[in-house]
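What follows is a short report on a single structure.
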(Lines give C-alpha, C1' and ligand atoms only; values in the text may rest on other atoms or scores of the structure.)
Protein backbone atom coordinates (compact mmCIF):
# COMPACT_ATOMS: atom_id res chain seq x y z
CA UNK A 1 0.00 0.00 0.00
CA UNK A 2 1.50 3.30 -1.09
CA UNK A 3 1.67 6.18 1.33
CA UNK A 4 1.67 9.86 0.34
CA UNK A 5 5.30 10.94 -0.04
CA UNK A 6 4.75 14.27 1.70
CA UNK A 7 2.91 12.59 4.61
CA UNK A 8 5.65 13.01 7.17
CA UNK A 9 6.40 16.65 6.40
CA UNK A 10 2.80 17.74 6.74
CA UNK A 11 2.06 15.69 9.88
CA UNK A 12 -0.29 13.16 8.33
CA UNK A 13 -0.56 9.78 10.11
CA UNK A 14 -1.25 6.66 8.01
CA UNK A 15 -4.10 4.28 8.86
CA UNK A 16 -3.42 0.59 8.28
CA UNK A 17 -6.09 -1.35 6.37
CA UNK A 18 -8.59 1.49 5.96
CA UNK A 19 -12.21 0.68 5.09
CA UNK A 20 -12.55 1.87 1.49
CA UNK A 21 -16.28 1.07 1.19
CA UNK A 22 -17.30 4.76 0.98
CA UNK A 23 -15.18 5.26 -2.17
CA UNK A 24 -16.52 2.07 -3.76
CA UNK A 25 -20.07 3.25 -3.02
CA UNK A 26 -19.35 6.67 -4.53
CA UNK A 27 -18.20 5.01 -7.77
CA UNK A 28 -21.15 2.58 -7.74
CA UNK A 29 -23.50 5.58 -7.80
CA UNK A 30 -22.26 6.15 -11.34
CA UNK A 31 -21.35 2.69 -12.62
CA UNK A 32 -21.31 -0.97 -11.46
CA UNK A 33 -17.85 -2.11 -10.31
CA UNK A 34 -16.28 -5.35 -11.48
CA UNK A 35 -13.91 -7.40 -9.27
CA UNK A 36 -10.82 -6.22 -11.13
CA UNK A 37 -11.53 -2.51 -10.60
CA UNK A 38 -12.47 -3.15 -6.98
CA UNK A 39 -9.21 -4.97 -6.38
CA UNK A 40 -7.29 -2.09 -8.01
CA UNK A 41 -8.90 0.30 -5.51
CA UNK A 42 -8.16 -2.04 -2.56
CA UNK A 43 -4.52 -2.19 -3.61
CA UNK A 44 -3.99 1.52 -4.26
CA UNK A 45 -6.12 3.39 -1.72
CA UNK A 46 -4.50 4.20 1.60
CA UNK A 47 -5.92 6.00 4.60
CA UNK A 48 -4.70 8.75 6.91
CA UNK A 49 -5.56 10.90 9.89
CA UNK A 50 -4.89 14.61 9.61
CA UNK A 51 -4.93 16.84 12.67
CA UNK A 52 -6.94 20.04 12.84
CA UNK A 53 -5.09 23.02 11.30
CA UNK A 54 -2.58 20.83 9.36
CA UNK A 55 -1.96 21.62 5.69
CA UNK A 56 -2.66 18.84 3.16
CA UNK A 57 -1.37 20.99 0.30
CA UNK A 58 0.68 24.17 0.04
CA UNK A 59 0.25 26.61 -2.87
CA UNK A 60 2.99 26.56 -5.47
CA UNK A 61 3.50 22.80 -5.15
CA UNK A 62 1.85 20.23 -7.41
CA UNK A 63 -0.92 18.18 -5.76
CA UNK A 64 -0.02 14.49 -6.07
CA UNK A 65 -3.09 13.05 -4.32
CA UNK A 66 -6.83 12.88 -4.40
CA UNK A 67 -8.63 12.49 -1.06
CA UNK A 68 -12.01 11.21 0.05
CA UNK A 69 -13.25 12.74 3.32
CA UNK A 70 -14.50 9.96 5.64
CA UNK A 71 -14.72 12.28 8.66
CA UNK A 72 -13.94 15.93 9.37
CA UNK A 73 -13.91 19.24 7.52
CA UNK A 74 -11.34 20.93 5.27
CA UNK A 75 -11.01 24.22 3.44
CA UNK A 76 -9.18 25.55 0.41
CA UNK A 77 -7.62 28.98 0.70
CA UNK A 78 -5.50 31.36 -1.37
CA UNK A 79 -3.16 34.09 -0.18
CA UNK A 80 -3.25 37.75 -1.18
CA UNK A 81 -0.26 39.26 0.58
CA UNK A 82 -0.78 38.55 4.29
CA UNK A 83 -4.52 38.00 3.80
CA UNK A 84 -5.91 34.48 3.53
CA UNK A 85 -9.10 33.96 1.50
CA UNK A 86 -11.15 30.75 1.94
CA UNK A 87 -12.23 29.39 -1.46
CA UNK A 88 -14.19 26.28 -0.44
CA UNK A 89 -15.23 24.28 2.64
CA UNK A 90 -15.86 20.53 2.44
CA UNK A 91 -17.04 17.87 4.93
CA UNK A 92 -17.69 14.11 4.95
CA UNK A 93 -18.45 12.08 1.81
CA UNK A 94 -16.75 14.39 -0.62
CA UNK A 95 -13.62 14.33 -2.77
CA UNK A 96 -10.80 16.81 -2.26
CA UNK A 97 -7.82 17.60 -4.50
CA UNK A 98 -6.40 20.50 -6.48
CA UNK A 99 -7.79 20.56 -10.02
CA UNK A 100 -4.38 21.92 -11.07
CA UNK A 101 -2.84 18.57 -10.14
CA UNK A 102 -5.23 16.76 -12.50
CA UNK A 103 -4.71 19.28 -15.30
CA UNK A 104 -1.10 18.73 -16.45
CA UNK A 105 0.32 18.67 -12.94
CA UNK A 106 0.66 22.43 -12.72
CA UNK A 107 1.35 23.78 -9.21
CA UNK A 108 -1.69 24.50 -7.05
CA UNK A 109 -2.73 28.14 -6.59
CA UNK A 110 -4.41 27.16 -3.37
CA UNK A 111 -3.70 25.60 0.02
CA UNK A 112 -5.75 22.80 1.59
CA UNK A 113 -6.12 22.76 5.38
CA UNK A 114 -7.94 20.53 7.89
CA UNK A 115 -10.49 22.55 9.92
CA UNK A 116 -11.21 19.57 12.20
CA UNK A 117 -9.38 16.30 12.89
CA UNK A 118 -9.95 14.41 9.64
CA UNK A 119 -10.01 10.80 8.50
CA UNK A 120 -9.23 10.56 4.79
CA UNK A 121 -8.84 7.94 2.07
CA UNK A 122 -6.03 8.73 -0.38
CA UNK A 123 -4.97 7.77 -3.89
CA UNK A 124 -2.01 9.16 -5.80
CA UNK A 125 -2.65 11.01 -9.08
CA UNK A 126 -0.26 8.54 -10.76
CA UNK A 127 -2.49 5.65 -9.65
CA UNK A 128 -5.54 7.58 -10.82
CA UNK A 129 -3.92 7.98 -14.25
CA UNK A 130 -3.19 4.25 -14.30
CA UNK A 131 -6.84 3.58 -13.44
CA UNK A 132 -7.93 5.67 -16.45
CA UNK A 133 -5.51 3.79 -18.71
CA UNK A 134 -6.42 0.28 -17.58
CA UNK A 135 -10.17 0.68 -17.08
CA UNK A 136 -11.79 2.89 -19.77
CA UNK A 137 -15.03 3.02 -17.78
CA UNK A 138 -13.18 5.05 -15.12
CA UNK A 139 -13.14 7.91 -17.65
CA UNK A 140 -16.92 7.80 -17.82
CA UNK A 141 -17.27 8.00 -14.02
CA UNK A 142 -14.59 10.72 -13.80
CA UNK A 143 -16.31 12.77 -16.52
CA UNK A 144 -19.59 12.71 -14.56
CA UNK A 145 -17.85 13.53 -11.27
CA UNK A 146 -15.93 16.39 -12.92
CA UNK A 147 -19.17 17.80 -14.36
CA UNK A 148 -20.68 17.77 -10.87
CA UNK A 149 -17.64 19.31 -9.15
CA UNK A 150 -17.17 21.88 -11.91
CA UNK A 151 -20.82 22.97 -11.53
CA UNK A 152 -20.29 23.25 -7.75
CA UNK A 153 -17.17 25.36 -8.36
CA UNK A 154 -19.15 27.70 -10.63
CA UNK A 155 -21.82 28.05 -7.94
CA UNK A 156 -19.08 29.04 -5.45
CA UNK A 157 -17.64 31.53 -7.94
CA UNK A 158 -21.15 32.95 -8.43
CA UNK A 159 -21.40 33.63 -4.67
CA UNK A 160 -17.93 35.22 -4.70
CA UNK A 161 -19.01 37.60 -7.48
CA UNK A 162 -22.20 38.80 -5.79
CA UNK A 163 -21.74 42.22 -4.20
CA UNK A 164 -24.46 42.29 -1.50
CA UNK A 165 -23.74 40.45 1.78
CA UNK A 166 -27.33 39.29 2.19
CA UNK A 167 -27.43 37.78 -1.30
CA UNK A 168 -24.15 35.97 -0.62
CA UNK A 169 -25.40 34.49 2.65
CA UNK A 170 -28.76 33.51 1.15
CA UNK A 171 -26.99 31.56 -1.63
CA UNK A 172 -24.59 30.04 0.91
CA UNK A 173 -27.53 28.70 2.95
CA UNK A 174 -29.16 27.23 -0.17
CA UNK A 175 -26.36 24.73 -0.67
CA UNK A 176 -24.30 24.82 2.52
CA UNK A 177 -26.78 25.10 5.39
CA UNK A 178 -25.06 22.10 7.05
CA UNK A 179 -21.89 24.22 7.42
CA UNK A 180 -23.54 27.29 8.95
CA UNK A 181 -23.39 26.10 12.59
CA UNK A 182 -20.39 23.80 12.31
CA UNK A 183 -17.54 25.79 10.73
CA UNK A 184 -15.92 28.71 12.63
CA UNK A 185 -17.53 31.94 11.40
CA UNK A 186 -14.20 33.50 10.43
CA UNK A 187 -13.81 30.94 7.63
CA UNK A 188 -17.40 31.39 6.44
CA UNK A 189 -16.91 35.18 6.43
CA UNK A 190 -13.69 34.80 4.44
CA UNK A 191 -15.38 32.37 2.01
CA UNK A 192 -18.17 34.90 1.46
CA UNK A 193 -15.73 37.80 1.08
CA UNK A 194 -17.12 39.82 4.00
CA UNK A 195 -15.95 40.84 7.47
CA UNK A 196 -16.90 38.82 10.54
CA UNK A 197 -18.99 41.81 11.73
CA UNK A 198 -20.99 41.87 8.48
CA UNK A 199 -21.55 38.10 8.61
CA UNK A 200 -22.79 38.32 12.23
CA UNK A 201 -25.16 41.15 11.32
CA UNK A 202 -26.54 39.21 8.32
CA UNK A 203 -26.94 35.99 10.37
CA UNK A 204 -28.87 37.88 13.04
CA UNK A 205 -31.17 39.28 10.38
CA UNK A 206 -31.73 35.80 8.85
CA UNK A 207 -32.39 34.18 12.23
CA UNK A 208 -35.16 36.72 12.92
CA UNK A 209 -36.89 36.20 9.56
CA UNK B 1 -28.37 18.21 -39.68
CA UNK B 2 -30.13 19.29 -36.48
CA UNK B 3 -30.63 22.97 -35.76
CA UNK B 4 -30.86 24.44 -32.25
CA UNK B 5 -34.56 24.57 -31.32
CA UNK B 6 -34.27 28.01 -29.75
CA UNK B 7 -32.39 29.40 -32.76
CA UNK B 8 -35.24 31.52 -34.10
CA UNK B 9 -36.17 33.11 -30.78
CA UNK B 10 -32.65 34.24 -30.00
CA UNK B 11 -31.88 35.52 -33.52
CA UNK B 12 -29.30 32.89 -34.46
CA UNK B 13 -28.87 32.24 -38.21
CA UNK B 14 -27.91 28.70 -39.33
CA UNK B 15 -24.92 28.11 -41.64
CA UNK B 16 -25.35 25.36 -44.22
CA UNK B 17 -22.51 22.84 -44.49
CA UNK B 18 -20.18 24.40 -41.92
CA UNK B 19 -16.50 23.45 -41.89
CA UNK B 20 -16.12 21.36 -38.72
CA UNK B 21 -12.34 20.87 -39.07
CA UNK B 22 -11.56 23.03 -35.99
CA UNK B 23 -13.61 20.71 -33.74
CA UNK B 24 -12.00 17.59 -35.21
CA UNK B 25 -8.57 19.13 -34.63
CA UNK B 26 -9.45 19.99 -31.03
CA UNK B 27 -10.39 16.34 -30.37
CA UNK B 28 -7.30 15.07 -32.22
CA UNK B 29 -5.15 17.02 -29.74
CA UNK B 30 -6.32 14.49 -27.16
CA UNK B 31 -6.96 11.29 -29.13
CA UNK B 32 -6.80 9.98 -32.74
CA UNK B 33 -10.22 9.96 -34.44
CA UNK B 34 -11.54 6.95 -36.34
CA UNK B 35 -13.83 7.29 -39.38
CA UNK B 36 -16.94 6.34 -37.42
CA UNK B 37 -16.48 9.07 -34.79
CA UNK B 38 -15.62 11.61 -37.48
CA UNK B 39 -18.77 10.76 -39.39
CA UNK B 40 -20.82 11.12 -36.18
CA UNK B 41 -19.44 14.64 -35.79
CA UNK B 42 -20.13 15.50 -39.46
CA UNK B 43 -23.70 14.35 -39.06
CA UNK B 44 -24.46 16.05 -35.75
CA UNK B 45 -22.55 19.33 -35.77
CA UNK B 46 -24.32 22.34 -37.23
CA UNK B 47 -23.09 25.92 -37.63
CA UNK B 48 -24.58 29.32 -36.90
CA UNK B 49 -23.95 33.05 -37.02
CA UNK B 50 -24.84 35.07 -33.93
CA UNK B 51 -25.04 38.85 -34.07
CA UNK B 52 -23.26 41.07 -31.58
CA UNK B 53 -25.25 41.56 -28.37
CA UNK B 54 -27.55 38.55 -28.96
CA UNK B 55 -28.12 36.09 -26.10
CA UNK B 56 -27.16 32.45 -26.71
CA UNK B 57 -28.49 31.42 -23.31
CA UNK B 58 -30.74 33.03 -20.72
CA UNK B 59 -30.38 32.27 -17.00
CA UNK B 60 -33.04 30.00 -15.51
CA UNK B 61 -33.31 27.91 -18.69
CA UNK B 62 -31.40 24.67 -19.27
CA UNK B 63 -28.57 24.90 -21.81
CA UNK B 64 -29.24 22.33 -24.54
CA UNK B 65 -26.12 23.01 -26.65
CA UNK B 66 -22.37 23.09 -26.63
CA UNK B 67 -20.65 25.61 -28.93
CA UNK B 68 -17.23 25.91 -30.51
CA UNK B 69 -16.19 29.50 -31.27
CA UNK B 70 -14.83 29.71 -34.84
CA UNK B 71 -14.88 33.53 -34.87
CA UNK B 72 -15.89 36.26 -32.45
CA UNK B 73 -16.09 36.83 -28.71
CA UNK B 74 -18.68 35.93 -26.07
CA UNK B 75 -19.18 36.50 -22.37
CA UNK B 76 -21.00 34.80 -19.52
CA UNK B 77 -22.80 37.04 -17.06
CA UNK B 78 -25.00 36.71 -13.97
CA UNK B 79 -27.55 39.18 -12.64
CA UNK B 80 -27.66 40.63 -9.14
CA UNK B 81 -30.79 42.75 -9.12
CA UNK B 82 -30.37 45.29 -11.93
CA UNK B 83 -26.57 44.81 -11.96
CA UNK B 84 -24.97 42.53 -14.52
CA UNK B 85 -21.67 40.80 -13.58
CA UNK B 86 -19.42 39.32 -16.29
CA UNK B 87 -18.15 35.87 -15.24
CA UNK B 88 -16.02 34.91 -18.26
CA UNK B 89 -14.95 36.16 -21.70
CA UNK B 90 -14.06 33.74 -24.51
CA UNK B 91 -12.79 34.16 -28.07
CA UNK B 92 -11.90 31.91 -31.03
CA UNK B 93 -10.94 28.24 -30.68
CA UNK B 94 -12.70 27.63 -27.43
CA UNK B 95 -15.74 25.70 -26.26
CA UNK B 96 -18.74 27.44 -24.71
CA UNK B 97 -21.68 25.98 -22.81
CA UNK B 98 -23.23 26.10 -19.37
CA UNK B 99 -21.75 23.45 -17.10
CA UNK B 100 -25.21 23.23 -15.49
CA UNK B 101 -26.56 21.81 -18.75
CA UNK B 102 -23.98 19.00 -18.63
CA UNK B 103 -24.57 18.32 -14.95
CA UNK B 104 -28.08 16.84 -14.80
CA UNK B 105 -29.61 19.46 -17.06
CA UNK B 106 -30.22 21.92 -14.24
CA UNK B 107 -31.12 25.47 -15.34
CA UNK B 108 -28.20 27.81 -16.02
CA UNK B 109 -27.42 30.46 -13.39
CA UNK B 110 -25.75 32.51 -16.09
CA UNK B 111 -26.45 34.19 -19.42
CA UNK B 112 -24.27 33.83 -22.53
CA UNK B 113 -24.02 36.81 -24.88
CA UNK B 114 -22.13 37.55 -28.12
CA UNK B 115 -19.79 40.54 -27.68
CA UNK B 116 -18.94 40.54 -31.43
CA UNK B 117 -20.58 38.96 -34.47
CA UNK B 118 -19.79 35.28 -33.96
CA UNK B 119 -19.47 32.17 -36.08
CA UNK B 120 -20.12 29.05 -34.02
CA UNK B 121 -20.25 25.29 -34.44
CA UNK B 122 -23.03 23.66 -32.41
CA UNK B 123 -23.91 20.25 -31.02
CA UNK B 124 -26.89 19.40 -28.84
CA UNK B 125 -26.27 18.00 -25.35
CA UNK B 126 -28.45 14.99 -26.34
CA UNK B 127 -26.06 14.26 -29.23
CA UNK B 128 -23.11 14.71 -26.88
CA UNK B 129 -24.65 12.14 -24.52
CA UNK B 130 -25.13 9.76 -27.45
CA UNK B 131 -21.47 10.28 -28.38
CA UNK B 132 -20.43 9.25 -24.83
CA UNK B 133 -22.66 6.16 -25.02
CA UNK B 134 -21.54 4.97 -28.45
CA UNK B 135 -17.84 5.83 -28.29
CA UNK B 136 -16.27 5.17 -24.86
CA UNK B 137 -13.11 7.05 -25.90
CA UNK B 138 -15.18 10.28 -25.97
CA UNK B 139 -15.32 10.02 -22.17
CA UNK B 140 -11.53 10.07 -22.04
CA UNK B 141 -11.33 13.22 -24.20
CA UNK B 142 -14.17 14.88 -22.28
CA UNK B 143 -12.50 14.10 -18.95
CA UNK B 144 -9.31 15.82 -20.10
CA UNK B 145 -11.18 18.81 -21.54
CA UNK B 146 -13.23 19.13 -18.33
CA UNK B 147 -10.05 19.07 -16.23
CA UNK B 148 -8.66 21.91 -18.34
CA UNK B 149 -11.85 24.01 -18.29
CA UNK B 150 -12.39 23.37 -14.59
CA UNK B 151 -8.84 24.57 -13.85
CA UNK B 152 -9.51 27.69 -15.95
CA UNK B 153 -12.74 28.31 -14.03
CA UNK B 154 -10.84 28.07 -10.72
CA UNK B 155 -8.30 30.59 -12.03
CA UNK B 156 -11.17 32.96 -12.86
CA UNK B 157 -12.68 32.44 -9.41
CA UNK B 158 -9.26 33.14 -7.89
CA UNK B 159 -9.18 36.55 -9.64
CA UNK B 160 -12.74 37.27 -8.48
CA UNK B 161 -11.73 36.60 -4.88
CA UNK B 162 -8.68 38.87 -4.86
CA UNK B 163 -9.41 42.19 -3.17
CA UNK B 164 -6.79 44.53 -4.68
CA UNK B 165 -7.49 45.95 -8.17
CA UNK B 166 -3.85 45.79 -9.22
CA UNK B 167 -3.55 42.13 -8.26
CA UNK B 168 -6.71 41.34 -10.19
CA UNK B 169 -5.47 43.10 -13.34
CA UNK B 170 -2.01 41.53 -13.08
CA UNK B 171 -3.54 38.03 -12.97
CA UNK B 172 -5.94 38.94 -15.80
CA UNK B 173 -2.98 39.90 -18.01
CA UNK B 174 -1.16 36.65 -17.20
CA UNK B 175 -3.78 34.54 -18.98
CA UNK B 176 -5.94 36.99 -20.93
CA UNK B 177 -3.57 39.58 -22.41
CA UNK B 178 -5.14 38.93 -25.82
CA UNK B 179 -8.45 40.33 -24.49
CA UNK B 180 -7.04 43.52 -22.95
CA UNK B 181 -7.24 45.64 -26.13
CA UNK B 182 -10.09 43.81 -27.86
CA UNK B 183 -12.98 43.60 -25.41
CA UNK B 184 -14.85 46.79 -24.33
CA UNK B 185 -13.44 47.91 -20.99
CA UNK B 186 -16.82 47.90 -19.27
CA UNK B 187 -16.94 44.10 -19.57
CA UNK B 188 -13.37 43.66 -18.37
CA UNK B 189 -14.10 45.94 -15.39
CA UNK B 190 -17.23 43.94 -14.58
CA UNK B 191 -15.30 40.64 -14.95
CA UNK B 192 -12.68 41.93 -12.53
CA UNK B 193 -15.29 43.26 -10.09
CA UNK B 194 -14.11 46.88 -10.25
CA UNK B 195 -15.46 50.17 -11.60
CA UNK B 196 -14.49 51.41 -15.05
CA UNK B 197 -12.63 54.30 -13.38
CA UNK B 198 -10.55 51.92 -11.26
CA UNK B 199 -9.73 49.75 -14.28
CA UNK B 200 -8.63 52.82 -16.30
CA UNK B 201 -6.42 53.98 -13.44
CA UNK B 202 -4.82 50.52 -13.08
CA UNK B 203 -4.29 50.19 -16.85
CA UNK B 204 -2.56 53.57 -16.95
CA UNK B 205 -0.27 52.47 -14.14
CA UNK B 206 0.55 49.18 -15.92
CA UNK B 207 1.22 50.90 -19.27
CA UNK B 208 3.79 53.18 -17.60
CA UNK B 209 5.65 50.32 -15.90
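The values are calculated or read from the model by the stated rules, or taken from the named source; none is laboratory data. Source: prediction; values computed, not measured. Every residue, glycine among them, receives a Cβ derived from its backbone with ideal geometry; neighbour counts consider all protein chains shown.
The table that follows gives values for the structure above.
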quantity: Among (1) closer than 26 Å to residue B:196 by Cβ; (2) surrounded by 15 or more Cβ atoms within 10 Å (Cβ to Cβ); (3) at pLDDT 95 or above - the single one residue B:117 does not satisfy; calculated: (2)
quantity: Count - residues of the stretch B:51-66 that are touching a strand residue (DSSP E or B) at 6+ places or on another chain (Cβ under 7 Å), over 11 Å from residue B:112 (Cα atoms) and more than 14 Å from chain A (Cβ to nearest Cβ); calculated: 4
quantity: Test set (1) modelled with pLDDT of 95 or more; (2) more than 30 Å from residue A:159 (Cα to Cα) - residue B:90 fails condition number; calculated: (2)
quantity: Subset tally (residues that are touching a strand residue (DSSP E or B) at 6+ places or on another chain (Cβ under 8 Å) and within 19 Å of residue B:110 (Cα to Cα)) for the stretch A:161-209; calculated: 5
quantity: Residue within the stretch A:138-147 that is more than 19 Å from the chain's Cα centre (by Cα), at the interface with chain B (Cβ under 7 Å from one of its Cβ atoms) and more than 18 Å from residue B:152 (Cα to Cα) present; calculated: yes
quantity: Qualifying positions in the stretch A:85-96 - loosely packed, with under 15 Cβ neighbours inside 10 Å and either under 20 Å from residue B:160 (Cβ atoms) or touching a helix residue (DSSP H, G or I) at 6+ places or on another chain (Cβ under 7 Å) (or both); calculated: A:93
quantity: Answer from B:84, B:126 - the residue that is more than 30 Å from residue A:60 (Cα to Cα) and more than 14 Å from chain A (Cβ to nearest Cβ); calculated: B:126
quantity: Test set (1) part of a strand (DSSP E or B); (2) touching a helix residue (DSSP H, G or I) at 6+ places or on another chain (Cβ under 8 Å); (3) over 22 Å from residue A:187 (Cβ atoms) - residue A:47 fails condition number; calculated: (2)
quantity: Hey, residue A:148 surrounded by fewer than 18 Cβ atoms within 10 Å (Cβ to Cβ) and not assigned by TED's automatic domain parsing to the domain that holds residue A:93 or not; calculated: no
quantity: Options B:108, B:73, B:82: the member that is out of contact with any helix residue (DSSP H, G or I) (no Cβ under 9 Å at 6 or more places or on another chain) and either farther than 18 Å from residue B:132 by Cβ or surrounded by fewer than 20 Cβ atoms within 10 Å (Cβ to Cβ) (or both); calculated: B:82
quantity: Residue count for the stretch B:176-189, restricted to those that are within 29 Å of residue B:27 (Cα to Cα) and surrounded by 13 or more Cβ atoms within 10 Å (Cβ to Cβ); calculated: 5
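Condition check ((1) modelled with pLDDT under 95; (2) surrounded by 21 or more Cβ atoms within 10 Å (Cβ to Cβ); (3) not assigned by TED's automatic domain parsing to the domain that holds residue B:115) across all residues:
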{"position": "B:127", "(1), (2), (3)": "no, no, no"}
{"position": "B:166", "(1), (2), (3)": "no, no, yes"}
{"position": "B:169", "(1), (2), (3)": "no, yes, yes"}
{"position": "B:174", "(1), (2), (3)": "yes, no, yes"}
{"position": "B:191", "(1), (2), (3)": "no, yes, yes"}
{"position": "B:194", "(1), (2), (3)": "no, no, yes"}
{"position": "B:199", "(1), (2), (3)": "no, yes, yes"}
{"position": "B:206", "(1), (2), (3)": "yes, no, yes"}
{"position": "B:209", "(1), (2), (3)": "yes, no, yes"}
